[in-house]
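Encoded as C-alpha cells, the structure appears first; notes follow it.
The values are calculated or read from the model by the stated rules, or taken from the named source; none is laboratory data. If you're wondering where the values come from, they're calculated on a predicted model, not measured in any experiment. All Cβ positions, glycine included, derive from the backbone under ideal geometry; neighbour counts span all protein chains shown. For accessibility, only protein heavy atoms count, side chains too; no ligands or nucleic acids. Shrake-Rupley method; radii C 1.70, N 1.55, O 1.52, S 1.80 Å.
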Amino acid sequence: MVTCMNRQPHVAVVGATGAVGIEMIKTLEKRQFPVRKLTLLASTRSVGKKLKFRGTELAVQELKKDSFAGVEIALFSAGGSISKEFAPLAARAGCVVIDNSSAFRMDDAVPLVIPEINAEDVKWHKGIIANPNCTTAITLMALYPLHKAFGCRRIFASSYQAVSGTGAKAIAELERQVGQIVKGQPVTREVYPHQIAFNVLPHVDSFLPTGYTKEEMKMQNEGRKIMHHPTFKASVTCVRVPVYRAHSVAVSAEFERPVTLPAAVAALREAPGLQVIDEPAKNQYPLPLYQAERYDCAVGRLRLDCALDNGLCFWVSGDQLLKGAALNAVQIGEELLGQSRLESTAGRKPAMAVA
Ligand SMILES: NC(=O)c1ccc[n+]([C@@H]2O[C@H](COP(=O)([O-])OP(=O)(O)OC[C@H]3O[C@@H](n4cnc5c(N)ncnc54)[C@H](OP(=O)(O)O)[C@@H]3O)[C@@H](O)[C@H]2O)c1
C-alpha cells in the first residue's frame with residue numbers, strides 16, 4: 001500500500017463541475033472530511049467558475065499534467081478517458097486516486113471497493129482505487145448481506161436508472177423535454193437516442209456482440225471482484241427512466257442454502273448503510289423520489305421467489321450520485337485515513353412515503 005498520509009490531506013476533485021463532482025464537494029463538507037486544502041479541477045470551459053466549500057468560494061482550475069503537485073487524495077469524476085490519461089500521472093506524483101470511471105475497475109492491480117463490503121481491499125492499492133458502477137453498488141448493498149447469509153449463486157435483475165446517472169446534460173435534457181411537452185412544443189434530443197420524458201429506454205451504455213450492454217455486464221464482472229465471489233452470475237436488463245435522481249433495481253436472487261423471510265430481513269437489518277422499508281399493506285416500499293440525497297440505500301418488496309429454488313425477490317433503491325459515486329468515494333477516503341464510519345442504520349428514520 002502506498003502509505004497514506006497526512007491526516008488532514010490536500011484533496012483535489014477532478015470533474016468538480018459535473019453531477020458527481022458537485023456531490024463530492026458537498027459530501028466532503030457534510031461528512032467533515034478533514035480536508036486541509038481543496039483544489040477543484042475541470043476543463044477549460046469551467047476555468048474561473050466559483051464553487052462553495054465550507055462557506056468559501058473556490059475557483060475551478062484547468063486540469064493539467066502538473067495539477068497534482070502536493071495533492072494527497074484525488075477524487076476523479078471526469079470520464080474514463082480523462083482518468084486513463086491523468087490518474088497514473090497523479091499516482092506517480094504521490095497522490096492516491098479514487099476513480100469513479102470504469103477505466104480501472106477490472107484492472108487486477110486496482111482495488112474495486114464498496115467499504116461496507118470489502119473495505120480491507122483499500123489496503124493493497126498501488127496509487128489508484130476504483131469506485132464501482134452505480135447500479136452495481138446499489139444492488140450489492142442489499143445483495144451482499146444476503147450472500148453472506150445464504151450464498152448467492154446468481155441473480156436476474158432489471159434496473160430503473162435515473163437520468164443524473166448520465167451526468168449534468170441529461171438532467172437538463174429531461175427538464176427541457178418535460179417543459180417542451182407541457183407547452184406543446186416539439187421535443188428536442190441531445191443526450192439520449194430517444195425522448196426520455198414520459199418514456200423508458202431499455203438501453204444504458206453501448207451494446208456488446210452478446211446483445212447485453214456494457215452497463216449490464218458490470219453487475220457480474222464488478223460483483224465478482226467486490227464480493228470475492230468468482231462464480232457469481234448476473235443476467236441484467238438496464239433501463240433508463242425519467243427520474244431525476246436515485247436508481248432502483250428489481251432483483252430475483254438464487255442462493256445455495258434455503259432462504260426464509262425472517263432470516264433475510266434479519267440479515268438486511270444488520271447491514272450498514274441499508275434500511276429495510278417493507279410494509280406493503282401500508283404502501284411502504286423504497287422509492288427513488290425519497291432516496292434522493294440520502295446516504296442510505298433502502299430495500300423492500302421482499303418475498304420468496306416463486307420461480308427459483310432458494311430464491312428471494314427484492315427491490316433496492318439508492319441515490320446513485322451518492323452511494324453509486326460521491327459518497328462511496330469519500331468513504332474510501334475515510335478508510336484510507338483510518339477513519340472508517342460504516343454505520344448501522346438502526347435508529348435512523350427511513351425515507352418513507354406518507355400514504
Ligand atoms: N452520474 C452518476 O451517477 C455517476 C455514477 C458513477 C460514476 N459516474 C462516473 O463519473 C464520471 C463523471 O460523471 P458525471 O455524471 O458527473 O458527468 P458530468 O456531469 O458530465 O460531468 C463531467 C465532469 O468532467 C469534466 N470534464 C469533462 N471533460 C474534461 C476535460 N477534458 N478535462 C477536465 N475535466 C473535464 C467536466 O468539466 P466541465 O464542466 O468543465 O466540462 C465535468 O466537471 C463519469 O466517468 C461517470 O461514468 C457517474
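Projected label points at residue 341 and residue 270, each 7 Å from Cα along the beta carbon direction, are separated by 2.5 nanometres. A 1.4 Å probe run over the protein chains yields, for the chain, 44 Å² of accessible area per residue, whole-number rounding.
Name the aspartates and glutamates eligible as straight-distance cross-link partners of residue 233: C-alpha to C-alpha under 19 Å, and not fewer than 8 places from it in the same chain. The reachable aspartates and glutamates, counting only those whose Cα sits under 19 Å from residue 233, are 215, 216, 222, 254, 256, 305, 309. Here the alpha carbons of region 156-202 define both size measures, Rg and Dmax, at 11.3, 40 Å.
Potential lengthening of the chain between residue 183 and residue 158 amounts to 5.7 nm, from the contour at 0.36 nm per residue minus the alpha-carbon distance.
Each Lys and Arg adds +1 at its Cβ and each Asp and Glu adds -1 at its Cβ; summed about the Cα centre, region 133-263 shows a dipole of about 180 debye.
Can you tell me the FRET efficiency between residue 231 and residue 32 if r is taken as the Cβ-Cβ distance and R0 is 51 Å, rounded to the nearest 0.05? Working from the Cβ atoms, E equals 0.80. Consider all pairwise Cα distances in region 289-337 and report the whole-number % of them above 12 Å. That fraction is 68 percent.
Our Cα-only numbers for region 88-134 put the radius of gyration and Dmax at 10.0, 29 Å. Ordering 69, 331, 102 by Cα displacement along the dipole of the chain toward the positive end leaves 69 in first place; charges were set at the Cβ atoms of Lys, Arg (+1) and Asp, Glu (-1). Please name which of 299, 261, 281 has its Cα lying farthest along the dipole of region 220-310 towards the positive end, using unit charges on Cβ (Lys, Arg +1; Asp, Glu -1) and the Cα centre as origin. My answer, from the dipole projection, is 299. Give me the one-decimal nm value for the distance between modelled label points at residue 260 and residue 7, 7 Å along each residue's Cα-to-Cβ direction. Here the answer is 4.7 nm between the modelled labels. Remark on region 119-172: hydrodynamic radius 14.0 angstrom, per the Kirkwood mean of 1/r across alpha carbon pairs. Remark: region 85-92, residue by residue, has Karplus-estimated 3J(HN,Hα) of 6, 9, 5, x, 5, 5, 5, 5 Hz, where x stands for each Gly or Pro and the curve is 6.51 cos²θ - 1.76 cosθ + 1.60 at θ = phi - 60°.
A Förster radius of 25 Å, combined with the Cβ-Cβ distance separating residue 207 from residue 81, puts the computed FRET efficiency at roughly 0.80. Here region 85-197 is described by how far its Cα atoms reach on the three principal axes: 56, 44, 18 Å, from widest to narrowest. When the convex hull of its Cα atoms is viewed from all sides, region 206-282 shows a mean projected area of 7.8 nm².
Per the Kirkwood formula applied to alpha carbons, region 1-74 shows a radius of gyration over Rh ratio, Rg over Rh, of 0.96. Each part gets one Cα centre, and for region 131-209 versus region 19-62 those centres are 26 Å apart. With the convex hull drawn around the C-alpha atoms of the chain, the volume per residue stands at 153 Å³.
Note on the chain: dipole from Cβ charges, positive end direction compared against 149, 83, 24; the farthest Cα belongs to 24. A full extension of the chain between residue 348 and residue 64 corresponds to an added length of 98.0 nm, given 0.36 nm per residue minus the alpha carbon distance. Kirkwood hydrodynamic radius computed over region 231-355 comes to 15.8 Å, based on all pairs of distinct alpha carbons.
Each Lys and Arg Cβ is given +1 and each Asp and Glu Cβ -1; about its Cα centre, the chain then shows a dipole of about 640 debye.
Here region 38-87 yields Rg over Rh of 0.96, to two decimals, using C-alpha coordinates and the Kirkwood radius.
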